[in-house]
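Okay, so here's the structure we're looking at.
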Amino acid sequence: MPKRPPEATAGRLNAPLPDEVTPLLGNQTPTQFMRRYWQKKPLLIRQAIPDIQAPLAREDLFELADLDDVESRLITHFRNTWALEHGPFAPDELPSVKKREWTLLVQGVNLHDDRAHALMNRFRFIPDARLDDLMISYATDGGGVGAHFDSYDVFLLQVHGKRRWRIGAQRDLSLKPGLPLKVLQHFDAEEEWVLEPGDMLYLPPHIAHDGVAEGECMTASIGFRAPSTQELTGQFLYHLAERAGDANGAAAHYRDPKQEPVAHPAELPPLLVERVGAILATVSWDEKDVASFLGSYLSEPKANVVFDPPARPLSEQKFVERAKKSGLRLDRKSILLYNKRSYFLNGEAEILDAKLKKWLPELADNRLLEAKRFVTLADDSSMTALLHEWYRAGWIQADAYA
């Protein structure tokens, strides 16, 4: 049986336990970090990950930026002028690495590279429902994206070269007009550091920051989802409308048998307003509806995510034989969440029954089922059939340690 790689240590894929002291968080526990710093104040952590190596070489990152299903951006500051282009980028479309002041941003690197995925998993002391992705910023000397602020939490981990960071609790959030980027018009730095490989900076939302490469460098940004109130409201109401339509079968339509003829046809009928108001007043929801919405919404892959089903899928019997020897793991792109009632896999919600509770939370939390664990469960034909279905869809892989 293949040996487990260091990034797949027991249970939590190398993420520290809530009360485990870890250099990742400056020799404090995740519990201490969350109480003292999370969404409260910045934290500089020297040697959060000692001896770190960049997950991808420069050439591999450039190849990734050339793919249609990868979101990438090129930001240049040539001749003191900001410019922004969206990928994909063929290798010859990027500036020379000898040219100063340009940056390549590649989103979702964790979806395409096991090393980047393992690196992001170190931050799973924060719920998966909040984790977004790992972005890699490659920059030549002087490269950056300008002073700005984000609406979400971010860990900025230096993985190659050096970057100088300046930060400040900015009150004036006005932006420079006429630019393709959101660059602050007046940036007042309060603190400044140079980060070297292994150093990391945590920033809560709305802390202004400006990072400039000192020589060629790479920075990994581990970002978190923070949907706006408007987005959550709109998506939740859409979710409710969909469920109401499914529950009612053929959807009921508006009726107005008491409508009188009108002399002013363009006037909005008061009866219409009254009746629609009465319909909307019947809309209600409870905690189950909110949980169902959040599970489906937060497990939905981004629009550019494409799963790769096996070219020559194993039969269910051979799949089970393989899993008994090599175990199973969730595909890098899969998002599996659960609560007491349901599970949510890549946007699909299903009931979490007693049989599923024996193994599904374990798979979700660990993102793998070891071979010896699978053997103890393999007599359940409903489980093996479901996992085989996921395997054929490309949602899981029949090898826990690939």
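Structure data summary
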{"quantity": "Residue among 316, 300 that is closer than 30 Å to residue 115 by Cα, more than 25 Å from the chain's Cα centre (by Cα) and at pLDDT 95 or above", "calculated": "316"}
{"quantity": "Residues of segment 266-308 satisfying the condition of being assigned to a loop (DSSP other than H, G, I, E, B) and of a type in the set (Asp, Glu)", "calculated": "267, 286, 300, 308"}
{"quantity": "Qualifying helices (runs of 4 or more DSSP H) (wholly inside segment 314-402; at least 1 residues being over 25 Å from residue 121 (Cα atoms))", "calculated": "316-326, 354-357, 371-377, 381-393"}
{"quantity": "Per-region count, segment 61-88, residues free of Cβ contacts under 8 Å to residues at least 12 places away in the same chain and closer than 23 Å to residue 195 by Cα", "calculated": "0"}
{"quantity": "Residue identified as touching a residue at least 60 places away in the same chain (Cβ under 8 Å) and either farther than 27 Å from residue 15 by Cα or of a type outside the set (Asp, Glu) (or both) among 334, 382, 296, 342", "calculated": "334"}
{"quantity": "Qualifying position, being buried (at least 16 other Cβ atoms within 10 Å of the Cβ) and not β-branched (Val, Ile, Thr), among 307, 319", "calculated": "319"}
{"quantity": "Test: residue in segment 128-144 that is closer than 18 Å to residue 211 by Cα, surrounded by 17 or more Cβ atoms within 10 Å (Cβ to Cβ), over 24 Å from the mean Cα position of the chain (by Cα) and at pLDDT below 95", "calculated": "no"}
{"quantity": "Subset tally (residues that are aliphatic (A, V, I, L, M) and buried (at least 22 other Cβ atoms within 10 Å of the Cβ)) for segment 338-350", "calculated": "1"}
{"quantity": "Matching entry among 347, 394 (being in contact with a Ser or Thr (Cβ under 8 Å, 6 or more places away or on another chain) and either assigned by TED's automatic domain parsing to the domain that holds residue 112 or under 19 Å from residue 301 (Cα atoms) (or both))", "calculated": "347"}
{"quantity": "Residue list for segment 309-356, filter: basic (Lys, Arg) and in contact with a His (Cβ under 7 Å, 6 or more places away or on another chain)", "calculated": "332"}
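One line per residue, one yes/no per condition, for (1) under 27 Å from residue 38 (Cβ atoms); (2) surrounded by 15 or more Cβ atoms within 10 Å (Cβ to Cβ); (3) among the small types (Gly, Ala, Ser); (4) over 29 Å from the mean Cα position of the chain (by Cα):
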{"residue": "178", "(1), (2), (3), (4)": "no, no, yes, yes"}
{"residue": "184", "(1), (2), (3), (4)": "yes, yes, no, no"}
{"residue": "187", "(1), (2), (3), (4)": "yes, yes, no, no"}
{"residue": "192", "(1), (2), (3), (4)": "yes, no, no, no"}
{"residue": "197", "(1), (2), (3), (4)": "yes, yes, no, no"}
{"residue": "201", "(1), (2), (3), (4)": "yes, yes, no, no"}
{"residue": "207", "(1), (2), (3), (4)": "yes, yes, no, no"}
{"residue": "212", "(1), (2), (3), (4)": "yes, yes, no, no"}
{"residue": "216", "(1), (2), (3), (4)": "no, yes, no, no"}
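The values are calculated or read from the model by the stated rules, or taken from the named source; none is laboratory data. On a predicted model such as this, the values are computed, not experimentally measured, just so you know. All Cβ positions, glycine included, derive from the backbone under ideal geometry; neighbour counts span all protein chains shown.
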